[in-house]
1. Among 23, 180, 152, which one shows the biggest mean-square fluctuation in a GNM of the chain, springs joining Cα atoms closer than 10 Å?
2. Give the angle, between 0 and 90 degrees and rounded to the nearest 10, that separates the Cα long axis of helix 329-341 from the longest principal axis of the Cα atoms of the chain.
3. Give the cross-link partners of residue 75 among the aspartates and glutamates, using a straight C-alpha distance below 17 Å as the criterion and excluding same-chain residues fewer than 8 apart.
4. With the chain treated as a Gaussian network of Cα nodes joined by springs under 10 Å, which of 24, 67, 282 yields the largest mean-square fluctuation?
5. Using a cut-off of 12 Å between beta-carbons, work out the net charge of the residues near residue 214 (Lys and Arg +1, Asp and Glu -1, residue 214 not included).
6. Among 101, 171, 341, pick out the residue whose Cα is farthest towards the positive end of the charge dipole of region 90-341, where Lys and Arg carry +1 and Asp and Glu carry -1 on C-beta, about the Cα centre.
7. Grab the DSSP H runs of the chain that are 4 residues or longer, score each as -39,500 (n - 2.57), total them, divide by all residues and round the 222 nm result to the nearest 500 deg cm²/dmol.
8. Based on the mean of other Cβ atoms within 10 Å per residue, sort peptides 258-268, 9-19, 108-118 so the most packed one is first.
Amino acid sequence: MSAVDCGEPDTSSDEALQLVDKDPSTLFHDEVRFKCESKYYTLEGDEKYICDASGTWTSVKGQEKLPKCIEVCGKTETDISSFGRILGGKPANMGEIPWQLLTKQPKRGGASLINDRWAITAAHVVDGYEESTLTFFGGLIDGKKAQETDPDVVVMATEKIIIHPDYIKGIPGNERTNYDSDIALIRMSSRVKLGPNVLPICLPEADGGFKEFQHGTVSGWGGTENKDKSRFLLYASVGRHPQMNCEETPLLSINKPMVFTENMFCAGGDGLDSCKGDSGGPLFLPKLGSGNKDNRGPYHLRGIVSWGSLCELGKESKKGYYTKVENYLDWIKMTIEREEQG
């Protein structure tokens with residue numbers, strides 16, 4: 001009777017999952033241990049598996065399914081200096097907002113990395129380009145370095161762009177009055193190599209965790225006061241307005257008020273809003289620099305820069321409007337699961 005041999009465990013479905021011993025013995029009663037490729041992942045499941053009599057790797061708890069490497073989200077490695085109220089935006093340091101992505105063509109916009117394969121942006125940034133391959137850049141604060149030839153920048157090509165089905169597509173920006181469901185998911189063509197300057201942000205809990213008058217941080221290379229794009233990544237503190245204030249929307253033209261829905265919130269103040277942000281970029285909590293270095297995050301993506309910024313509507317606008325991410329958690333999770341299984 002031949003000896004039971006479990007063979008080497010198949011880790012091909014999880015590129016971050018590794019065997020501690022590169023060339024393990026795989027016979028009956030032999031043990032293997034698993035680890036993740038870097039500290040930017042955490043092992044979910046059992047670490048140790050044993051080759052059983054049926055030729056199957058089984059964990060000490062009886063699991064046949066191998067463990068998974070899950071991205072650590074919402075943490076930065078950079079010491080973030082604490083500061084008071086920000087007026088006019090503040091340049092970010094490398095690694096302070098490692099989930100921030102930038103695209104320049106065919107439209108300029110931002111996005112947020114949410115795991116090592118997926119990012120999230122505003123639907124209007126990618127509307128009309130679902131069949132195109134777009135390029136996103138990460139791991140940078142200098143927007144001029146956003147080119148495929150720069151060795152220091154992480155370049156990501158899109159494989160699939162999925163716009164929320166409730167978003168009304170195909171309306172030119174200067175005619176659009178309804179940005180409801182302004183959210184899209186982007187699957188990159190290959191796994192993003194995580195590091196200190198490229199890390200995902202956490203999705204929020206569905207808990208209404210961003211309260212009225214609470215402050216969050218918005219970031220991007222968006223227009224500064226004179227409407228120019230900033231060369232360097234900026235971030236600013238913005239306070240959430242009461243819903244009643246948000247319902248008083250600006251007019252696109254004399255007869256066309258902008259639509260406000262329960263899938264949006266608005267924030268700003270002090271003449272400051274997501275003019276600092278790029279469309280599609282993040283609004284996140286806790287506010288950057290709000291705690292000591294032992295209390296850095298985890299940061300959660302609460303909003304996506306959508307419409308109504310100072311840059312578009314002039315100095316009289318004190319409100320930027322954001323897609324409320326927590327309203328789309330089921331869609332995000334179901335879409336990613338469906339695509340990954342498919």
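Every read-out reported here was derived from the displayed coordinates using simple, explicitly stated rules and does not represent laboratory data. Just so it is clear, the model here is predicted, and its values are computed rather than measured. For neighbour counting, all protein chains shown are included, and Cβ atoms are generated from backbone atoms with ideal geometry for every residue, glycine included.
1. Fluctuation is largest for 23.
2. So the helix axis and the longest Cα principal axis differ by about 40 degrees.
3. Straight-line reach from residue 75, under 17 Å: 96, 116, 205, 294.
4. 24
5. Details: positive: 211, 240, 287, 302; negative: 212.
So the environment of residue 214 carries a net charge of +3.
6. Working it through, the farthest residue towards the positive pole turns out to be 101.
7. Mean residue ellipticity at 222 nm (helix-derived): -2000 deg cm²/dmol.
8. 108-118, 258-268, 9-19
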